[in-house]
Every structure is written in C-alpha cells, then in structure tokens.
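Taken together, the values in this text are just the output of simple stated rules run on the coordinates, not laboratory data. Nothing here was measured: the structure is a model prediction, and the numbers come from that model. Note that we place each Cβ from the backbone using ideal geometry, even for glycine, and neighbour counts take in every protein chain shown.
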Amino acid sequence: MPTLTVAAPERRIRATIRLPRSKSVANRALVAAALAGDLGAVPEPGDADDTRVLHGLLRERPAVMPCGLGGTTLRFALAWAAVQEGEERLVTGDRPLLERPHAPLVKALTALGAHVNGLANGFHVVGRRLRGGTVTFDSPASSQYLSALMLAGPLMEDGLRIRWQGTQLSRPYVEMTAQVMRHFGAVVEVGDMNIRVMPGGYVAKPFHVPHDWSAAAFWFQVVALARDAEVLLEGLVDDGLQGDAAAVRFWQDHVTTTATPAGLLLRSRRWTDGPEAVIDLTATPDHFQPLALTHAGLGTAITITGLHNLHLKESDRVAAVEAVLQVLERPAHRSGADTLRIERSVKLRTPGAHVFDPRGDHRMAMALAPLALVAGPVRIQDPGVVGKSYPGFWNDLRAAGFQLEG
C-alpha cells in the first residue's frame, strides 16, 4: 500500500486555499434535483468521490447501484430508489459500507410502504408510490436516516412525519437537508422533536453548492499548530447552511478569523495556557479528529464529548485517535461511551519511522498531516483515501509549503 511522508514547510505559511465544495450539501441537492427531474440544476456539485459516485448513479439510473464506501451515498440512494415507481434495483457497496448500520433506515422505509429487502450483497428495492405517514427514531446512530427519508418525503402520498426522540446526533445536518429541500420547493418543518414534510414534490431550480466547512477544519488545525500562519480560505462564508462553521468557535483560542470579500482569513493567535477546553461535538462530530490532534500537538488539555456514534464511521474514530496519541505519548483517557479527555503535556514524542494507518478514513488521514508542524515528518499510509471528500488536499498542502514525498 502506498505511503506518503509529510514534512513541515521551511518558511512561514502564507497561502490561499480553494476548498472543495461540500459533499454533504451537494449530495442532498443532487437527490432533490433528481427527484425534480433535472440533475442539471446542480451544475457544480464538486469532485469528492462520494459526490461523483452519487451523481453518476442518479444520472445513469442503473439496475445495480454500487455506492463504494459512501454512507450518505447508499442511504440517499435507498430512499431515492424506493420512490422510483415500477423500477427494480440492487443498491450495494463495498464490504465495509455494507457492514455499517442501515437497518433503521430500511425499517422506516418499509413502514412507510417501501419494498426494500436486505441481501448479503446489498438491498433489493422495488420502487413504488409510498403512502408515507409517521415513523419514530429514538437516539438514532446516524442523522442520515432522517435526511434520506426527508428527501423522499415530498413524493409520499400523505407526506412524512418523523418523531425524533432522545439524543439528536448531527442535528445541523438534518436542518441542512430541510434548507436544501426548501430551495427546490418542498415544504418542510423542523421542530424540537418533530419533522414534517408535506406532499407535493420538487421544482427544479439552479443550486450553488458552497465550499466545505468540514474540510476547512484541517486548515484551522494547520494554522493553530504552525503558530505563525496566514491562510485565506477562498470563497468560504458562513451562510447558515453548514453546522461545521462552528470551527470558528472551536479553534478561537488558537486561530483568529476575519471575513473578507475574498473569503475567510485564518491567522495564528498568540495564546497562553488557560483553563482546559470542554467541547461538545454532538452536533458536529466531523471536527473530532482535527480538533483532538490540534490539542495533542499543542500539548493543551481538552475534554471532548458527544462522540456517541464515531465508532460507526469509516473507522472507529475515537480508537484511531487514541492510537495516534499513544504513538505521540500524549496521555488521554475515555470517560463513558461518548467522552475523551486529552491531558496537558509538554513532552511530544516524534513518530520517527512509524507509519500511521488512517484505517480507510479520509478525515483521519487529513488530521494526521498537520502533525508534521510539531512532531517532525509524518508517514501516512493509503493517502488516496482523502479523495472521499477532499481530492486536492495533498496538492493544497504543497501549495502551503509542506514537503511531500511518496
């Protein structure tokens, strides 16, 4: 398997970076546009692997829909296929994807009138006109179940009502789904514990996919660890669509942000070691790896909560971060099922010849790279995994002055 070695820049970081478009927003817009009958309404969905796969499947409408490793891709494709009247499909994916939990979505679709059967190699779906109705989720492991159902909701005869009880993981992504749906003419109400989607379908309307705030987190990490860096994230604005814009708040002790006409300017902030940070990521779990490894690299203490479902992602993300902390000799411990505390520590062990395995996880690979700023060269296995959400990440690191070999 290929390995990439990342070394710190030999100069101060002064860079302008054009982030990828948000695959989370793009995938929702593509499904809504497809259900409106015009994929062309999303002219620039971006080049993330998950988005390219979903775009191709919705365009070609094949009888077998291979979704690769994309959880959003498969779950959205299931809901889309369920409302394609009279059409029969196999929705499938690579083995690690099929091993992730999808049963709650299948159960909900079936309760709403869908024909979906789980097989060893995927899901057999026969599209039909769904009657719709009410389904209940109690602390679901993924908000993608709700978003998938919501996207199909306008095509249901009686519309859709979702009761959302218990812990609401990644709620901003559900609100993102509602905003995208409204752009395409759907009527959606999102309350504290209830979601209502009215019947009536979609209307095609041009949609602009914004730049990705979850990708921006790795540049917040770079700027924080560099101590003297300026990075302009070209075109990045907080338009209220992406909950991951919370990065501004999460990194505020180490990174200053300035909104400019050209985008968001990040600058390293001089800081003094203050009280331990306590951050809840229940709403924004994608920030876990870059945030945890920022504090590990700086030697500052942090308690991160809201990690309930991170063992169900592309990797067990908490275990993967713990493995990195062990190599760096950063003391840390879990508290319960959803909390990790990284302790304050002055000493940082350099990884030397150690090769970090991102475990097939794009966000793990990207969070490892900035450690080169404080730990010496970092060797990362399977660097191509970043293509899932940020194909140009390594090129952007080079543009910022990082030295890459491999």
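Points to keep in mind about this one:
- Calculation over all alpha carbon pairs of segment 331-406 in 5 angstrom steps from 0 returns a P(r) of 3, 13, 20, 22, 19, 13, 8, 2, 0 percent.
- Segment 140-192, relative contact order in percent, only Cα pairs under 8 angstrom and at least six apart counted: 41 percent
- Largest-first ellipsoid semi-axes for segment 99-148, taking √(5λ) over the Cα gyration tensor eigenvalues, angstrom: 17, 17, 7
- Scanning residues 5 or more positions from Leu232 or on other chains, those with amide H under 5 Å from its amide H are Ala15, Thr16, Ile17, Leu266, with H placed 1.01 Å from N in the peptide plane.
- Each Cα pair under 8 Å and six or more residues apart adds its sequence gap; the mean of these over the residue count of the chain is a relative contact order of 21 percent.
- Beta-bridge orientation, the chain: approximately 65 percent antiparallel, per DSSP, counting only bridges with both partners inside.
- Cα gyration tensor, segment 218-327 - rounded (a/c under 1.5), prolate or oblate: oblate
- The relative contact order of segment 33-181 comes to 19 percent, based on Cα pairs under 8 Å that sit 6 or more residues apart.
- HN-Hα J in Hz across segment 318-327 - Karplus 6.51, -1.76, 1.60, θ = phi - 60°, x for Gly and Pro: 5, 5, 5, 5, 4, 5, 5, 4, 5, 4
- Taking packing as the residue-averaged number of other Cβ atoms within 10 angstrom, the listed peptides 360-368, 186-194 run from highest to lowest as 360-368, 186-194.
- Segment 277-406: C-alpha gyration tensor shape, a/c 1.5 cut-off, then a/b vs b/c: oblate
- Cα gyration tensor shape of segment 23-197, rounded if a/c is under 1.5, else prolate or oblate by comparing a/b with b/c: rounded
- ³J(HN,Hα) computed for each position of segment 282-289 - Karplus, 6.51 cos²θ - 1.76 cosθ + 1.60, integer Hz, glycine/proline x: 3, 7, 9, x, 5, 7, 4, 5
- DSSP-loop trypsin sites (Lys or Arg not before Pro) across segment 216-320, with at most 16 other Cβ within 10 angstrom: Arg227, Arg269, Arg270
- Amide H contacts of Asn194 (H built 1.01 Å from N, in plane; Pro and chain starts excluded): Trp164 sit under 5 Å, all sequence-distant by 5 or more or on other chains.
- Here Lys388 is the anchor, and the lysines within straight C-alpha reach of less than 24 Å, apart from those fewer than 8 places off in the same chain, are Lys23, Lys313.
- For the chain, diffusion coefficient by Stokes-Einstein and Kirkwood Rh (Cα), 10 °C, 1.306 mPa s, µm²/s: 73 µm²/s
- Amide H within-cut-off set for Gly306, under 5 Å, with H built and near neighbours excluded: Leu281
- Note on segment 23-197: antiparallel DSSP beta bridges, both residues inside, total approximately 65 percent of the bridges counted.
- Helix axis angle, 23-36 relative to the chain longest principal axis, alpha carbon, degrees: 20 degrees
- Most to least packed among 85-91, 375-381, 291-297 [average Cβ atoms within 10 Å]: 291-297, 375-381, 85-91
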